[in-house]
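Laboratory data are not the source of any read-out in this text; all were calculated from the coordinates shown. Not measured: the values here are computed from a predicted model. When we count neighbours, we look across all protein chains shown, and the Cβ atoms used for this are built from the backbone with ideal geometry, even at glycine.
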Amino acid sequence: MNNAKATLKANMQEVLKICKGNKGGLIMNKTLVFDGAGSEITAVGNCRIRTRIRNIEGRLIYIEINGFQNSGRTPNYAKGLDVVGHVDCCFYADHTWDTRNNSSSKLSHITKKHFEYNKENILKIVNEDLNCNFESLEVVKGLHVHSTKEPLCDCSKEGYTPFEEVKININILNGVQSQQYYEKNGLARYALPYSFIKEIPSLKNWMQERTKKEQEDFKSYNYYTTLVWDKLGNIYSMEISARQNFVCMSFGFEQLNEVIKAVKEHNK
């Protein structure tokens, strides 16, 4: 354990040498710092890189990016790319819901990107999609980003307003009939109507890709949402599915109020 801590400290000292203008601790200014892992790739440093940043508005964001050699047998999205880059994971690390699910609805678009895996493109994506203004990028192997909750790099504006997380408690559904309710496990299921399900964009798109017979069958399915909460009763996870053969899809905190409203109206 002591050796691991000594290694981490030595690696961070190396980062401090690389990143001029640091604000103290693990926080660096203007240099986008990644923790490198996996095999070496010349253009970037490693095939897997990850970091936790604080953007201009002060939001804490975790991002992990992978790169792999195009073998010529890869999908269409890799055509014309030598080393294919892909954002494997990106979420707000200052929001409990997003951190538990390793996903943020507002950042999900970035995980659909594929690009030539090099420092220039990675820097561009982080700056344009995550509201940052870093000027350079460095990859340092062995930073152990998962051993800290602090950002490895920071481009926040001076005097930014810290993010305040809004929490919604399961008690908001007190008196509403549930299909299943496990207080000790912090889990409950509530029925939802097809009229609501078919208007949710992600589910609507999925259903439209099924056969006509399946689409007709969906109208009579028994839909429900599963809510999970912590010891304080704060909801941190939500899924929607059906008792029949249907997709089980997770949703972000942004959709919670809308689902709770539908649950209340449907289970009066």
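List of remarks:
- Fluctuation leader among 230, 98, 217 - the chain, Gaussian network, Cα springs under 10 angstrom: 217
- With the simple model of a label 7 Å out from the Cα in the direction of the Cβ, residue 207 to residue 147 spans 5.0 nm.
- Placed amide H near residue 237: partners under 5 Å, 5+ positions off or other chain: 228
- Sorting 166, 176 by the number of Cβ atoms found within 10 Å of their own Cβ, with the fewest placed first, yields 166, 176.
- Quarter of Cα convex hull surface for the chain, i.e. mean projection, nm²: 18.1
- Taking a point 7 Å from the Cα of residue 113 along the Cα-to-Cβ direction, the residues of the range 122-161 with backbone N closer than 14 Å to it are 122-134.
- Projected area averaged over orientations for the range 146-261, convex hull of C-alpha atoms, nm²: 10.9
- Within the chain, helices built from complete DSSP H runs that reach 18 Å or longer along their own axis (Cα positions) and carry a mean Kyte-Doolittle hydropathy of -1.0 or higher are 2-18.
- Of the residues 211, 193, 252, the one whose Cα sits farthest toward the positive end of the charge dipole of the range 183-254, with +1 on the Cβ of Lys and Arg and -1 on the Cβ of Asp and Glu, is 211.
- In plain terms, the residue of 178, 103, 147 with the fewest other Cβ atoms within 10 Å comes first and the most crowded comes last, giving 147, 178, 103.
- Distance (nanometres) between label positions extended 7 Å along Cα→Cβ at residue 69 and residue 40: 1.4
- Helical content alone sets the calculated 222 nm signal of the chain at -7000 deg cm²/dmol, taking -39,500 (n - 2.57) per DSSP H segment of four or more residues and averaging over every residue.
- Burial ordering of 88, 35, 154, 94, fewest other beta-carbon atoms within 10 Å first: 88, 94, 35, 154
- Within a Gaussian network of the chain (alpha carbon springs, distance under 10 Å), most fluctuating of 131, 76, 234: 76
- Top of 163, 34, 253 by mean-square fluctuation, Gaussian network on the chain, Cα under 10 Å: 163
- Relative contact order for the chain, counting Cα pairs under 8 Å that sit 6 or more residues apart, in percent: 18
- Rounded Å value of the spacing that divides the Cα centres of the range 222-264 and the range 83-113: 19
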